[in-house]
Amino acid sequence: MNYKRAIWMSILLYVSSFLLYALTRAVPYFEDQNSLKSYIFFWVCIIPLVLIFSKWFFKKLQPSTARGFQFGVIIVAVSLILDGLSALGAYIAKQPLDQFAALYTDWKLYATLVLIVAVASVAGGEFDGTGSKDT
């Protein structure tokens, strides 16, 4: 398992999810960022993103379900660390932390994290290794 590559892919996926979040905020149909319909839209869009980044990650590594699961856990861990740094920055800047509190007390966030790990696991098991090389 190439952890450095997994961390970089996780950071890129995290940044991509912010772009997806911005798209969600730009659509007037999603008036509330924490509504179920905005999360469903996000879930539908995050699945192909995780698949793309998983395929990119497994380009240098032989795919397997276990490696996909590890990659999914790394994605979630890196995302939580980056969110923690964002919350710390907001706290230091004396900004309100209400959005972070609302986010982390909502079941939909945890469903999203489980979805990401599940999709990465399935991606690791389903990719046949075409174009991948074992290191």
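The values are calculated or read from the model by the stated rules, or taken from the named source; none is laboratory data. Only a predicted model underlies this, so the values are computations on that prediction, with no experimental measurement involved. Counting neighbours? That spans all protein chains shown, and the Cβs are built from the backbone with ideal geometry, glycine included. The accessibility values were calculated without ligands, DNA or RNA, using every heavy atom of the protein model including side chains. Shrake-Rupley method; radii C 1.70, N 1.55, O 1.52, S 1.80 Å.
Listed residues 70, 95, 62; which is surrounded by 17 or more Cβ atoms within 10 Å (Cβ to Cβ) and farther than 18 Å from residue 43 by Cβ?
Every option except 70 fails the conditions.
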Among the residues of the stretch 2-24, the number that are exposed (fewer than 12 other Cβ atoms within 10 Å of the Cβ) and modelled with pLDDT under 90 is 3
Does residue 52 satisfy being open to solvent by less than 30 Å² (accessible area, probe 1.4 Å), out of contact with any strand residue (DSSP E or B) (no Cβ under 7 Å at 6 or more places or on another chain) and under 28 Å from residue 1 (Cα atoms)? no
What number of residues within the stretch 98-129 satisfy the criterion of being of a type in the set (S, T, N, Q), farther than 15 Å from residue 65 by Cα and open to solvent by less than 90 Å² (accessible area, probe 1.4 Å)? 1
Top-ranked residue in the stretch 1-47 [being hydroxyl-bearing (Ser, Thr, Tyr) and touching a residue at least 24 places away in the same chain (Cβ under 8 Å); ranked as nearest to residue 104 (Cα to Cα)]: 39
For the stretch 82-89, does any single residue satisfy the condition of being under 14 Å from the mean Cα position of the chain (by Cα), modelled with pLDDT of 90 or more, surrounded by 15 or more Cβ atoms within 10 Å (Cβ to Cβ) and not hydroxyl-bearing (Ser, Thr, Tyr)? yes
